[in-house]
Amino acid sequence: MAELLRLLTDRFSTPIGMALLACDEEGRLRLFDWTDQENRWGPKLHARNGEVKLFPQRDPFGHTGALKAYMAGEVWAIDALSVAFAGTPFQNKVWKALRTIRAGETMSYGALAVRIGAPKAVRSVGLANGANPVGVVVPCHRVIGSDGSLTGYGGGLERKRWLLAHEARYAGGGLFRKEDSP
């Protein structure tokens, strides 16, 4: 029998566009994305063997408040938010590793591949990064090219640039400083 995944959703304004978050009834974030990227939401929710229903609710579990605080400069306000990963084992490994990149820091795809113990899986790391359902909180925007260049970001490079500059301003990090490879 198909299971019903009930998700509580909220939409809110940020300095870089309207955002949407969705969390399950246990308070785990399942999605954070931009409302102009709606075509990407379905696959990112990873509804396995079931149906997803969205229920609007203001500030579910305080997540909207935490994300607004992040956008206002409290860049660590989102660090403790609970997330639910429903990807492949490899994607889950990448997404968990993304959460170890601190605000104000960046890391190359290659360094991230090394961090998860798969140094030859740079392309796979990039694909998993792009499939991340919980942007900003699972900070895929902190991953950059090996030469320090900004590379693709599902929300657009202007948003990525803003997020990195925002974090650098409030976390005290260098704007495009790469973390040393292990």
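A few points about this structure:
- Heavy-atom accessible area for Leu164, with the other protein chains in place and a 1.4 Å probe, reaches approximately 10 Å².
- Segment Glu74-Glu51, length gained on full extension (0.36 nm per residue, minus Cα span): 4.7 nm
- The stretch between Ser13 and Ser146, if pulled fully straight at 0.36 nm per residue, gains 44.6 nm over its current Cα-Cα span.
- Cut-off 9 Å between beta-carbons: net charge of the residues surrounding Leu20, Lys and Arg +1, Asp and Glu -1: -2
- 222 nm mean residue ellipticity, helices alone, for the chain (DSSP H n ≥ 4; -39,500 (n - 2.57); rounded to 500): -8500 deg cm²/dmol
- Per residue, the accessible area of the chain comes to 48 Å², computed with a 1.4 Å probe over protein heavy atoms only.
The values are calculated or read from the model by the stated rules, or taken from the named source; none is laboratory data. Note that the structure is a prediction, hence the values are computed from the model and not measured. Neighbour counts are summed over all protein chains in view; Cβ atoms, including those assigned to glycine, are modelled from backbone coordinates with ideal geometry. Side chains are part of the model used for accessible areas, which takes the heavy atoms of the whole protein and leaves out ligands, DNA and RNA. Shrake-Rupley method; radii C 1.70, N 1.55, O 1.52, S 1.80 Å.
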